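What follows is a set of notes on a single structure, which appears directly below.
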Amino acid sequence: MIQRCCSAARLSLLMVCLAWAGCSRPPQPGAVLDEARQAGRDLASFPHASEDYFHDMDGGLALSPEEIKGRNMWLVWSGGNDRFWDRMTDYTFGAFDLLKIVSSHPSQGYSRTNRWAYLGLVNEPCFESATGPDPNRRGLWLDVRTKDCAPDPFENEGKYPGVAIGARGKPLGDGSTLPVGSFYGYASGIAGLRLFPNPAFDEKAAKAWNAEKYYTDPAYYNREDLVRPYRVGMSCGFCHLGPSPVNPPDDPAHPKFANLSSSVGAQYMWVDRLFIPNANKPEGQRNYMFQLAHTFRPGTMDTSLVSTDSINNPRTMNAVYDFMARMGVARQIGKEKLAGGELDNKQFNDVLASGPLLDFYSKPDAMVRTPHVLKDGADSVGLLGALNRVYLNIGLFSEEWLLHFNPIVGGKTITPIRIADAQKNSTYWQATEAGTPNTALFFLKAAQPDRLAAALGGGRYLSADSATLERGKLVFADTCARCHSSKAPALLAELNAAQCQGAGYMECFKRYWAQTQTEDYKAQMRRIVQAPDFLQGNYLSTEARIPSTLLRTNACSPLATNALAGNIWDNFSSQTYKQLPSVGTVTLSDPFTGEPMPYAMPAGGRGYTRVPSLISIWSTAPFLLNNSVGPFDVSPSVESRMKVFDASIEQMLWPEKRERDALLGDKIPGLIDRTTQRSEVSIPIGFVPEAMQPLQGRLHRWLPWLVAEGGDIVLGPIPQGVPVGLLSNLKLRAESDSLGDKASHVADIGDFLLKLKVDLATAPANASDEELRKRFANLKAPMMALSKCPDFVVNRGHYFGTAEFNRQDGLSADEKAFGREPELSDADKRALIAFLKTF
């Protein structure tokens with residue numbers, strides 16, 4: 001007890017020191033300029049590239065000049081976000097470094113040769129692996145362009161002049177000059193990543209630069225003052241480009257442009273390996289950041305990882321299909337009310353003079369007909385607004401964006417980034433708004449379904465007879481089509497858009513669900529599904545927001561807070577979204593005992609999941625929004641995709657085949673993501689805050705459980721087998737604006753973290769993981785009370801057509817309110833699978 005009190009006093013002193021050190025007034029939101037504005041660049045100086053360099057991609061489809069510009073923007077425009085990704089190295093305490101990701105130094109354990117197999121990143125054609133340090137690239141081991149390829153047109157500094165700030169264009173004291181480069185950067189050899197001369201790499205930085213130490217010496221590369229010669233920018237294509245399902249490469253490490261699609265999503269990317277360069281080594285896996293990122297299954301990413309909402313939320317990187325059909329759905333049911341900063345989003349009416357796209361926005365009543373883009377249906381301000389927001393989320397105008405939250409770690413009150421501020425202060429944003437209409441036009445033409453029948457060798461997987469397919473159509477009509485078809489019977493008259501928006505949504509949805517359970521509705525839907533043109537122009541989704549009380553999938557995505565009123569994406573979610581009512585109470589599982597645990601879902605936008613499209617479902621497994629249902633295979637071949645599809649769809653329709661938790665087994669309905677080995681949170685000495693650095697020697701003597709002898713900050717040990725979400729989902733700030741609530745929450749979180757740290761620090765040196773887990777279990781009550789998402793079972797839910805849907809003992813009244821569903825026979829499920837393969 002005495003030791004704990006002393007530790008508390010010392011920690012309080014430490015916090016006072018940090019607070020005192022941070023009293024200088026930082027830059028203020030709304031008053032900062034991006035680098036382009038600082039350099040005096042205007043919108044006209046950023047013409048979007050018109051070269052049809054990627055003409056072999058996307059099936060070799062013929063594109064208009066506007067559509068070509070739209071694809072180029074998607075694949076190579078990064079909008080100055082190289083500044084942000086350079087800073088991400090600091091925010092992750094040196095763990096994340098894109099310049100190393102694009103390198104092939106022998107010490108790393110990965111290179112261009114195994115980049116696909118290890119990282120799941122697409123090697124850009126026309127390059128080969130580095131065989132040594134490149135003297136023209138400051139000794140870095142970067143991919144080399146092959147001599148038989150034409151120059152990259154986007155590197156043309158004369159046509160696309162870069163932003164001359166800092167040291168760009170200035171001599172470095174060694175006879176060389178730092179290039180200004182192109183505003184598209186240099187190709188890196190990885191699709192979607194571009195290299196830019198670092199404006200901070202001046203004469204002093206050049207003298208201090210040592211490429212070999214950068215790859216091999218932690219004392220050198222973990223220095224906070226290290227300046228790298230290049231920054232790496234990221235285009236949208238990095239997360240959305242991938243091997244074509246219908247024309248995959250023979251060797252995924254050596255694709256041709258004809259083997260690539262702009263819109264299928266980065267289904268094979270390993271984010272844990274991307275964020276933790278030494279993830280392939282024991283010391284990397286002992287880093288809790290690895291344990292957190294390891295919950296991101298291949299092809300998933302937590303899009304709120306940077307502007308963190310303190311919820312671990314890995315979600316699939318979407319395939320983008322059939323925008324024409326999707327916009328048709330928006331016309332039918334996507335009507336949303338805009339107000340305030342939401343009205344600053346660009347609409348097609350702002351950029352087009354005529355055509356059907358003008359019908360999607362009505363300025364007099366501020367109503368937009370919009371697709372629901374994010375998994376929780378939050379992006380709801382129009383297609384252009386959704387596209388523009390993506391660029392902010394990957395670092396555009398980071399000068400402003402980063403002022404609204406604490407990256408990665410959170411703990412600061414989040415405020416909205418205002419579109420009006422971006423329009424006023426960021427030339428990169430202005431250029432992005434000017435270019436995304438062309439990107440939309442590109443997707444309207446090019447994002448076509450990838451049918452298995454059109455895939456190389458796909459026909460051999462379509463062997464079902466006509467009777468089986470007809471039976472599959474009926475099963476789909478009765479069980480699936482009410483959510484997974486944009487062609488449907490007419491809605492009841494009372495389910496009109498006006499009364500079902502916002503606060504009235506849940507009551508309308510319940511009436512809609514009851515309608516779909518009637519024989520009359522099913523009979524009409526059967527006729528629709530049996531029509532020969534059923535799949536033509538069908539988005540295979542209603543885009544509706546489905547309540548968690550019906551879906552019963554993991555609740556963390558529906559609980560995301562970034563699009564709520566007053567949060568970071570306030571300007572990009574509609575009033576209709578923000579006024580959504582609570583879905584009621586869901587039933588979760590205690591992560592220590594497995595006992596059922598009721599949880600009341602909050603209102604204001606949370607609690608829903610947007611229906612995903614089933615277009616090309618044969619190629620998009622594993623399933624659920626976090627890829628947790630089904631296995632993973634590194635090969636993008638048709639054969640491997642079908643193997644994964646077969647295993648994954650069986651787990652969907654036979655839930656008892658899904659993976660179970662190693663500790664709780666059948667006590668819970670699935671799997672909990674747990675730490676795979678003992679780990680710790682480690683902040684290298686070079687990234688320790690300045691205010692603490694002079695004290696590090698003393699801090700090791702005072703707080704040896706917090707500060708290692710070398711000066712690194714170490715939090716742990718965190719035992720193997722702890723649910724990762726217990727720590728990642730801790731609510732670090734009060735959600736209420738009440739000063740009393742805020743003070744109480746600060747006291748609660750501080751008390752809990754101190755107790756946890758002291759409990760772990762006072763454990764015997766040889767304590768087993770089981771003993772350490774017991775210390776976590778002793779703090780279950782405060783951890784659950786402080787959790788923003790106390791749902792830890794990742795692969796549960798979506799039980800439609802299975803017996804599991806009707807096992808309702810222990811469920812809440814809100815979950816039972818949707819009634820019971822017919823259970824499919826094994827033969828029905830097999831017929832359904834045969835039909836799904838044709839999508």
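The values are calculated or read from the model by the stated rules, or taken from the named source; none is laboratory data. Since this is a predicted model, take the numbers as computed values, not measurements. Reconstructed Cβ throughout: ideal geometry from the backbone, glycine too, with neighbour counts over all protein chains shown. With ligands, DNA and RNA removed, areas are computed over all heavy atoms of the protein, side chains included. Shrake-Rupley method; radii C 1.70, N 1.55, O 1.52, S 1.80 Å.
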Tabulated pairs, the stretch 31-50, first under 19 Å from Pro65 (Cα atoms) and in contact (Cβ under 8 Å) with a residue 24 or more places away in the chain, second hydrophobic (A, V, I, L, M, F, W, C) and surrounded by 14 or more Cβ atoms within 10 Å (Cβ to Cβ), C-beta under 6 angstrom, 6+ apart or interchain: Phe46/Ala431; His48/Met73; Ala49/Phe154
When residues of the stretch 28-60 are limited to those that are at positive phi and part of a helix (DSSP H, G or I), the one surrounded by the most Cβ atoms within 10 Å (Cβ to Cβ): Asp58
Hey, Lys424 surrounded by fewer than 21 Cβ atoms within 10 Å (Cβ to Cβ), within 23 Å of Ala319 (Cα to Cα) and among the basic types (Lys, Arg) or not: no
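Can Lys424 be described as closer than 30 Å to Gln38 by Cβ and among the basic types (Lys, Arg)?
yes
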Pairs, first within 23 Å of Pro135 (Cβ to Cβ) and open to solvent by 10 Å² or more (accessible area, probe 1.4 Å) in the stretch 227-238, second among the aliphatic types (A, V, I, L, M) and assigned to a loop (DSSP other than H, G, I, E, B), C-beta under 9 Å, six or more apart: Val227/Ala200; Arg228/Ala200; Tyr230/Val102; Arg231/Ala200
Single residue of the stretch 190-226 satisfying the filter (among the basic types (Lys, Arg) and at pLDDT 95 or above) that is surrounded by the most Cβ atoms within 10 Å (Cβ to Cβ): Arg194
Out of Lys346, Lys363, Lys335, Lys375, sole residue that is charged (D, E, K, R), more than 14 Å from Tyr577 (Cα to Cα) and either without any contact (Cβ under 8 Å) to a residue 24 or more places away in the chain or touching a strand residue (DSSP E or B) at 6+ places or on another chain (Cβ under 6 Å) (or both): Lys363
Among (1) of a type outside the set (S, T, N, Q); (2) crowded, with 22+ Cβ neighbours inside 10 Å; (3) part of a helix (DSSP H, G or I); (4) out of contact with any strand residue (DSSP E or B) (no Cβ under 9 Å at 6 or more places or on another chain) - the single one Asp309 does not satisfy: (3)
Count - residues of the stretch 152-189 that are surrounded by fewer than 16 Cβ atoms within 10 Å (Cβ to Cβ), of a type outside the set (Val, Ile, Thr) and assigned to a strand (DSSP E or B): 2
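Going by the conditions given, is Thr146 polar (S, T, N, Q), free of Cβ contacts under 8 Å to residues at least 24 places away in the same chain and in contact with a Lys or Arg (Cβ under 9 Å, 6 or more places away or on another chain)?
So Thr146 fails the test.
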Helices (runs of 4 or more DSSP H) within the stretch 316-422 that include 3 or more residues closer than 17 Å to Ala544 by Cα: 323-333
Listing of helices (runs of 4 or more DSSP H) fully contained in the stretch 712-817 that carry 2 or more residues being open to solvent by 60 Å² or more (accessible area, probe 1.4 Å) and free of Cβ contacts under 8 Å to residues at least 40 places away in the same chain: 739-761, 769-777, 780-786
The one condition in (1) in contact with a helix residue (DSSP H, G or I) (Cβ under 7 Å, 6 or more places away or on another chain); (2) of a type outside the set (Phe, Trp, Tyr); (3) in contact (Cβ under 8 Å) with a residue 24 or more places away in the chain; (4) over 29 Å from His484 (Cβ atoms) that Val381 fails to fulfil: (4)
The lone exception for Arg87 - which of (1) modelled with pLDDT of 95 or more; (2) out of contact with any Phe, Trp or Tyr (no Cβ under 6 Å at 6 or more places or on another chain); (3) under 20 Å from Val271 (Cβ atoms) it fails: (1)
Residue tally, condition modelled with pLDDT of 95 or more and open to solvent by less than 40 Å² (accessible area, probe 1.4 Å), over the stretch 266-297: 6
Residues of the stretch 90-125 satisfying the condition of being part of a helix (DSSP H, G or I) and over 24 Å from the mean Cα position of the chain (by Cα): Pro106, Ser107, Gln108
Qualifying residue in the stretch 91-111 (condition: open to solvent by 10 Å² or more (accessible area, probe 1.4 Å) and among the β-branched types (Val, Ile, Thr)): no
Candidate set: the stretch 674-684, residues that are open to solvent by 30 Å² or more (accessible area, probe 1.4 Å) and touching a Lys or Arg at 6+ places or on another chain (Cβ under 9 Å); chosen: the one modelled with the lowest pLDDT: Ser682
First in the stretch 102-123 and over 14 Å from Pro255 (Cβ atoms), second anywhere and among the basic types (Lys, Arg), Cβ under 6 Å, 6 or more apart: Ser104/Arg112; Leu119/Arg273
Filtered residues of the stretch 324-340 (kept if under 13 Å from Tyr539 (Cα atoms) and either open to solvent by less than 10 Å² (accessible area, probe 1.4 Å) or within 25 Å of the chain's Cα centre (by Cα) (or both)): Met324, Ala325, Arg326, Met327, Val329, Ala330
Test: residue in the stretch 482-501 that is within 28 Å of the chain's Cα centre (by Cα), farther than 17 Å from Tyr321 by Cα and open to solvent by 30 Å² or more (accessible area, probe 1.4 Å): yes
Residue in the stretch 211-228 that is over 30 Å from Gly716 (Cβ atoms) and outside any loop (DSSP other than H, G, I, E, B) present: yes
Residue in the stretch 779-793 that is of a type outside the set (Gly, Ala, Ser) and over 28 Å from Ile311 (Cβ atoms) present: no
Given (1) under 21 Å from the mean Cα position of the chain (by Cα); (2) part of a helix (DSSP H, G or I); (3) of a type outside the set (Val, Ile, Thr), number of the condition Arg526 does not satisfy: (1)
Subset tally (residues that are small (Gly, Ala, Ser) and within 18 Å of Tyr539 (Cβ to Cβ)) for the stretch 452-489: 5
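Matching residues to (1) aliphatic (A, V, I, L, M); (2) open to solvent by 20 Å² or more (accessible area, probe 1.4 Å):
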residue: Lys363; (1), (2): no, yes
residue: Ala378; (1), (2): yes, no
residue: Phe397; (1), (2): no, no
residue: Leu403; (1), (2): yes, yes
Boolean, Leu63 is in a helix (DSSP H, G or I) and more than 20 Å from the chain's Cα centre (by Cα): no
Near pairs, Cβ below 6 angstrom, 6+ apart or cross-chain, from the stretch 666-680 (small (Gly, Ala, Ser)) to any residue that is at pLDDT below 95: Ser679/Arg286; Ser679/Tyr288; Ser679/Gln291; Ser679/Ile718
